[in-house]
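Have a look at the structure below before the remarks.
Just so it is clear, none of the values below were taken in a lab; they were calculated from the coordinates. On a predicted model such as this, the values are computed, not experimentally measured, just so you know. Neighbour counts run over all protein chains shown; Cβ positions are idealised from the backbone, glycine included.
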Amino acid sequence: MSPAKYVPHIDLLLQALRINRERLSSRSKIAIDTKLLRGLLQALAASAPFSEEFYLEAYADIAEAHSVGKVPDLHQHFLESGFFEGRFGAAPEVDEAFYTSTYKDVGQAVLRGDIKSGAEHYLRTGAAEGRIPNPAMRGTVEGWMMMLRDEGGRA
């Protein structure tokens, strides 16, 4: 994932806006109409990398729905639903050595066998916590985190 393709996890964006996922479907107003906000977030999500192979492999429920025709277009599903559910469109580039040494709690959890890898942690919770997946992404992620904090989020 190149720095230009980084998109903060949906939970971080929503925290900064002081709203939850459910509120994105409402007609209430924050600083902007939620319909507009959703459209802006979808445009942002469209710039994120996407891999049909990853999406099918990572999300068994989507693979099942796709196999029976309920989700005919995987990328469209990601843009309309998946991103808002906290799903990734493509496998993030997690540098295992960097991640587990930077985040000692993750390294210990891997050693204990609580999780398989730092990459698994990043997919499950690390991205939503604003953790940095690899050294090349440090500046980009830190820049987003600073902006999200400045906007009143708890990130």
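When Arg87, Arg112 are ordered from fewest to most other Cβ atoms inside 10 Å of their Cβ, what list results?
Arg112, Arg87
Taking other Cβ within 10 Å of each residue's Cβ, how do Val68, Val106 sort, fewest first?
The most exposed by this proxy come first: Val68, Val106.
For mean projected area of the Cα convex hull in nm², the choices are (i) 10.1; (ii) 9.6; (iii) 11.3; which was calculated from the structure?
Calculated mean projected area of the Cα convex hull in nm²: the matching label is (ii).
Assuming 0.36 nm per residue, please report the length gained on full extension of the stretch Arg124 to Glu80 beyond their Cα-Cα distance.
13.8 nm
Ranked by Cβ crowding within 10 angstrom, fewest neighbours first, how are Leu24, Leu41 ordered? Don't skip to the answer; put the middle values down first.
Numbers: Leu24 17, Leu41 20.
Fewest-to-most ranking of Leu24, Leu41: Leu24, Leu41.
Which of rounded, prolate, oblate describes the stretch 70-155, given a ≥ b ≥ c as roots of the alpha-carbon gyration tensor eigenvalues and a/c under 1.5 marking rounded, otherwise prolate only if a/b is larger than b/c?
oblate
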